[in-house]
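Colleague: Can you keep this structure in mind? I'll have questions shortly.
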Amino acid sequence: MTEENNTEEELLENNPETPDEALDNTEENAGSQVPVISSPEQVEPLSMVELYQRALLLLHSSSDDENGSAYMDSLYHRHFGENYTPEDVNSGLEDERQQAVVTDYIRDRLDYAKTMSTSLNKKKIDKSFENIFSLVGMNINISNSVEELYDEIFAKRAGQNAFLLEDYEMMKLNRQAWHIYNDRTNITELSGIVTAMEDLSISIDDDKENNDFKIVNDEHLAQFYYNVSEIYEKESNSVNNMTAVNKWHYRAMEYKKKALDLTSRNIIMVANIQNAWNDSSDYNPEKITAACERIIGNEEANDRDKFRAHKLCADTLMTLQTIDGFTRREKRIDEVVKHYRNALAYVSNKKDKIDILNSISKAQKTTYGDDFISTRLEIAEMLNGRPRIREYAKLADTVKNENLKVNLLKSCINEFHELQEIDIEDRNLYDVVDTKLREVLPPEDTKTLRTLDKLRKKYGTTQKKSDDLMFPMMSSKGHDFFNK
């Protein structure tokens, strides 16, 4: 896995509820100068009230752009109702509804920073730390700072807000994993980091009644496990001893499987894990389809997530060996077609639709002949010109119904009218279609035959073969004994 192709991309996409722009650094819009801090001695601890005031300022400043405005609007709708007023927006923190708005913003902001920290991309990790520093009112250039120093600065600044320190600890663990991935620290430290992250994953922040607010939620832990697997895979690729290669690769796959069991959101991760696992003797396709089903059922998944999940689920079922009886195979094909059809509902691009319909027809071909024909007709109706002619002609070769065969071949003939130009390939194709149609027409259908005779002159090949074989009798140099 390269730094540019990390699976956390899917978790950081914009969505109408929490657009990234609304949760990113907003110092330029915050309405006050934030001092540059270079030493813990310069830092004043931030109280809970000050944190909420700071967060409220950041939230309101984010409304200057369209995405931030939509996000803020969703928060006020949630806690003040559909008809909230400007006075509601400007109410003080003594209003419990305003407190709820700010609490949600802080949680979303922290979740955004923590999710970004699960990257194996250094720039994103730096940005995640800058984001959480921004939340507490500090301006830190992470890429030019010493980690131990800015960790001390944050600990002093957030010391009165325990949940901030816990979230920061999770981000530090992800940063340590990145260091191992980039060979800056020894891989032997990884097991301790994993244990620490797992301990945080069973801890819940200050809202003890709501498991949604875990310090490390399932998606964070899934991405962390996936990153651990990439570290082990990288180690496997760096050794020459086959025993060591297998050892590290085995560990990598074990953590990929852990990630697979946890994610309900990251379809890119699921697909990557399947690619890495499907040639192994212990490959379990049911684990892949179960992850796809979780993503399909996830209310936070966007249309692209669901399209990919339905397609991957169908593709996975299609690759299974058909060693079961006909009834069970029929049931499996039904499930495949269902997922492909559901995927089709999420695409509007014609090419993508045709690709899915091709997959559906492939699944139907040996089990549901009539459905296969219907799907191929559905594809043909989306085509025009030469592709449509070829699709109808190919389908005519497969159907047994004579009337349908005639109609398909006539449809081919009609489509020649839509071609802008008629080249030699078109004329050759017309000859093939013309011949096939004449073979299935009843002799008494003289009207159609006369029409075909006229159309062949227009669309068929212009040169007709003679029954007499013609060849030059003279020698290669032009000599002829018989015609002197």
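The values are calculated or read from the model by the stated rules, or taken from the named source; none is laboratory data. This one's a predicted model, so the numbers in the text were calculated from it and none came from an experiment. Counting neighbours? That spans all protein chains shown, and the Cβs are built from the backbone with ideal geometry, glycine included. Side chains included, ligands, DNA and RNA excluded: accessible areas come from the protein's heavy atoms. Shrake-Rupley method; radii C 1.70, N 1.55, O 1.52, S 1.80 Å.
Colleague: Using 7 Å Cα-to-Cβ label points, what is the residue 93/residue 298 separation (nm, one decimal)?
Modeller: 3.3 nm
Colleague: On a 0 to 90 degree scale, rounded to 10, what angle separates helix 66-80 from the longest Cα axis of the chain?
Modeller: Approximately 60 degrees, to the nearest 10.
Colleague: Still on this model: Please state the equivalent ellipsoid semi-axes for segment 211-268: what are the square roots of 5 times the Cα gyration tensor eigenvalues, largest first, in whole Å?
Modeller: Each semi-axis is √(5λ); the values are 27, 9, 8 Å.
Colleague: Would you please give the residues with an amide H less than 5 Å from that of residue 139, counting only those at least 5 places away or on a separate chain, with H modeled from the backbone geometry?
Modeller: Excluding prolines and chain starts, which carry no amide H, the hits are 37.
Colleague: How far is it, in nm, from the label point at residue 280 to the one at residue 446 when both lie 7 Å from their Cα along the line to the Cβ?
Modeller: 7.5 nm
Colleague: Among all cysteines in the chain, which have no other cysteine Cβ under 4.7 Å from their own Cβ?
Modeller: 412
Colleague: Once you have all Cα-Cα distances for segment 81-142, histogram them in 10 Å bins from zero and send the whole-percent values.
Modeller: P(r) over segment 81-142, rounded to whole percents: 21, 36, 24, 17, 2.
Colleague: If we restrict to alpha carbons, what Rg and Dmax does the chain come to, in Å?
Modeller: So, for the chain, Rg and Dmax equal 33.1, 121 Å respectively.
Colleague: Also: From the phi of every residue in segment 147-153, what ³J(HN,Hα) in whole Hz does the Karplus formula 6.51 cos²θ - 1.76 cosθ + 1.60 yield, where θ is phi - 60° and glycine or proline is x?
Modeller: 4, 4, 5, 6, 5, 5, 4
Colleague: Please report, in Å, the Rg and the Dmax of segment 332-413, where both are computed over Cα atoms only.
Modeller: Using the Cα atoms of segment 332-413, the pair Rg, Dmax is 13.1, 38 Å.
Colleague: Right, something else. If packing is taken as the average count of other Cβ atoms within 10 Å, what order do 280-290, 428-438 fall into, highest mean first?
Modeller: Put in order of decreasing packing, that is 428-438, 280-290.
Colleague: With each pseudo-label sitting 7 Å past Cα toward Cβ, what's the residue 141-residue 371 distance in nm, one decimal?
Modeller: In this crude spin-label approximation the distance works out to 6.3 nm.
Colleague: How much of the accessible area of the chain, in percent, comes from carbon and sulfur atoms when a 1.4 Å probe is used?
Modeller: Working: 12570 of 26160 Å².
About 48 percent, which is the carbon plus sulfur part of the accessible surface.
Colleague: How are the C-alpha pair distances of segment 223-337 spread across 10 Å bins, as whole percents from the shortest bin up?
Modeller: 14, 38, 30, 15, 3
Colleague: Among the GluC sites (Glu not before Pro) in segment 314-415, which ones are in a DSSP loop with at most 14 other Cβ atoms within 10 Å of the Cβ? Mind listing them?
Modeller: The qualifying sites are 381.
Colleague: Straight-line reach from residue 351: which lysines fall under 16 Å, measuring Cα to Cα and dropping same-chain residues less than 8 apart?
Modeller: Qualifying lysines at Cα under 16 Å: 311.
Colleague: Just to be sure I follow: if Rg is taken over the C-alpha atoms of segment 86-233 and Rh is the Kirkwood radius over the same atoms, what is Rg/Rh?
Modeller: 1.01
Colleague: Moving on to the next point. Too long at a 19 Å Cα-Cα cut-off: which of 365/410; 331/362; 214/306?
Modeller: Correct reply: 365/410; 214/306.
Colleague: Pairing the Cα long axis of helix 424-440 with the longest principal axis of the chain, what angle in degrees results, from 0 to 90 and rounded to the nearest 10?
Modeller: Long axis of 424-440 versus the principal axis of the chain: about 70 degrees.
Colleague: Which of the lysines could be linked to residue 234 by a straight reach, that is with a Cα gap under 26 Å, when you skip same-chain ones fewer than 8 residues away?
Modeller: Cross-link targets: 114, 122, 123, 124, 127, 172, 247, 256, 257, 258, 287.
Colleague: If you average 1/r across every pair of different Cα atoms in segment 379-421 and take the reciprocal, what Kirkwood value do you get, in Å?
Modeller: Value: 10.3 Å, from the Cα pair sum.
Colleague: Using only the Cα atoms of segment 351-484, what semi-axes does the equivalent ellipsoid have when each is the square root of 5 times a gyration tensor eigenvalue? Give whole Å, largest first.
Modeller: For segment 351-484, the ellipsoid semi-axes come out as 40, 19, 15 Å.
Colleague: Separate question: In whole Hz, with x marking every Gly and Pro, tabulate ³J(HN,Hα) for segment 444-461 from phi via Karplus 6.51 cos²θ - 1.76 cosθ + 1.60, θ = phi - 60°.
Modeller: The phi angles translate into 6, 7, 5, 4, 5, 5, 5, 4, 5, 4, 5, 5, 5, 5, 8, 10, x, 5 Hz.
Colleague: Nearest 0.05, what FRET efficiency do residue 191 and residue 319 give at R0 = 35 Å with Cβ-Cβ as r?
Modeller: 0.50
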